[in-house]
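A quick write-up on the structure given underneath.
Read-outs: derived from the displayed coordinates by stated rules, not from any lab. Keep in mind it's a predicted model, so treat the numbers as computed, not measured. Heads up, the Cβs are rebuilt from the backbone with ideal geometry, glycines too, and the neighbour counts pull from every protein chain shown.
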Amino acid sequence: MEKHDTRPTIQDVAQIAGVSTATVSRTLQKPELVREKTRIAVQDAVRKTGYRINSAAQNLRRNRAGSVLVIVPDIGNTFFSEILLGIEQIASEAGYTILIGDASKDGSRTEGLMDFLRNGKADGALLLNGYLPDQVISSLPTSDGGNIPVISVCEAVPEANIAHVGIDNKAAAKAAVDHLITQGHQKIAHLSGPESNILTQLRIKGYETAMREAGLGDHISILPGDFSIQSGIDVIAQLLDKPARPTALFCANDEMAMGAAFGLTQAGLKVPDDLSLMGFDDIQFARTFIPPISTIHQPRSEIGKLAMHKLLKILNGEAITQEHSNLEFSLIQRQSVRKIQT
């Protein structure tokens, strides 16, 4: 008995979406060039039919690997999960798979991971660890548009001439400290990240700017951390040893804020009664922590999507400017900050 191939075709998708097969092809290969209404209609039709691109044949024709390398500094850090989801969604729609590489916190594995790009096993890279050595940059291939197929995400690489997607970290940190000041706090300390990290430097600048503009320069106090929960726990012992401890602590990320809250509890103190806490990032645990952490929200899924869209433009041979694209952040007020009555 003859067996018929009943797999869904591009014609099936086009019929359900009410568009031409050319539009379906363009949507799947270059979604950023298609109107949102059309893109949604095609994506819905793809889901309904179960249509799958023959990526192997397509990549063979284009002489491409069909994959994108995503480098993170710590794959166990929950901060990156929503960014990765955003990246994967856009990559999948365009027929790409993603390869996730952990560069380690000191970036020591970055150069080795970039071999995927240099030897053709990946077509482009999204860099989330803010580290790209000069010797690596000079060895990378360029696209038809003249760009190397690398985008930095969240952590910019100041010395590299590549496009970047993230938020304005200095402005966001300033907004966080301004909020503490409006709540009556004057003695505000800052628990920073690793000294060499670009995010650390920008958030310190935002903290210092807010304090000086409020006439609180004499109260500036920067305590070194490393973005870990343990460094948040450790900082509490330092604060309790001070003769006049601060009334608020602005932490450079949520994990350190949660660590600080735990350290206070261990010392028999409470948040925010004994110390107000402000975090940064708005990871999922920040909203379910007790008490929920006031923080700066980063639109991480949208950051991932935009970064992947930019990379697709490079891979499609378009020349893009090496600008920084900053998405909007927002201040999230929860129960870890108390208002000081004056």
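Here is how the numbers come out for the structure above:
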| read-out | value |
| --- | --- |
| Amide N of the range 174-196 lying under 12 Å from the label point, which is placed 7 angstrom from the Cα of ILE340 along Cα→Cβ | 180-189 |
| Within the range 320-342: backbone nitrogen closer than 19 Å to the GLN89 label point (7 Å, Cα to C-beta) | 326-330 |
| Length released on extending from ALA267 to HIS219, taking residue separation times 0.36 nm less the Cα-Cα span | 14.9 nm |
| Qualifying GluC sites (Glu not before Pro) in the range 261-342, DSSP loop, other Cβ atoms within 10 Å at most 10 | GLU323 |
| Taking only Cα atoms of the chain, radius of gyration then Dmax in Å | 23.5, 89 |
| Under the Karplus curve 6.51 cos²θ - 1.76 cosθ + 1.60, θ = phi - 60°, whole-Hz ³J(HN,Hα) for the range 199-205, x wherever Gly or Pro sits | 5, 4, 5, 5, 6, 5, 4 |
| Test item: Cα-centred dipole of the range 169-297, Lys/Arg +1 and Asp/Glu -1 on Cβ, debye | 220 |
| Partner lysines for LYS205 [C-alpha distance under 27 Å; skip if fewer than 8 residues away on the same chain] | LYS105, LYS170, LYS174, LYS187, LYS242, LYS339 |
| Gyration tensor verdict on the range 169-297 (Cα atoms; rounded if a/c is under 1.5, prolate if a/b is larger than b/c, oblate otherwise) | rounded |
| Loop sites in the range 140-204: GluC sites (Glu not before Pro), DSSP, at most 12 other Cβ within 10 Å | GLU159, GLU195 |
| Furthest towards positive pole of dipole, PHE289, VAL271, GLN186, structure part the chain, Cβ charges | PHE289 |
| Stretchable slack from THR97 to GLN333, in nm (0.36 nm times residue separation minus alpha-carbon distance) | 81.2 nm |
| Full-extension gain in nm, ILE40 to ALA22, via 0.36 nm per residue minus C-alpha separation | 4.9 nm |
| Estimated dipole of the chain in Debye, rounded to 20 [Cβ of Lys and Arg +1, of Asp and Glu -1, Cα centre] | 880 |
| Test item: Cα-centred dipole of the range 10-52, Lys/Arg +1 and Asp/Glu -1 on Cβ, debye | 60 |
| ARG212 paired with GLN135, simple spin-label distance in nm, labels 7 Å along Cα-to-beta-carbon | 3.8 |
| Loop-resident sites, the range 275-342, for trypsin sites (Lys or Arg not before Pro), counting at most 16 other Cβ within 10 Å (DSSP) | LYS339 |
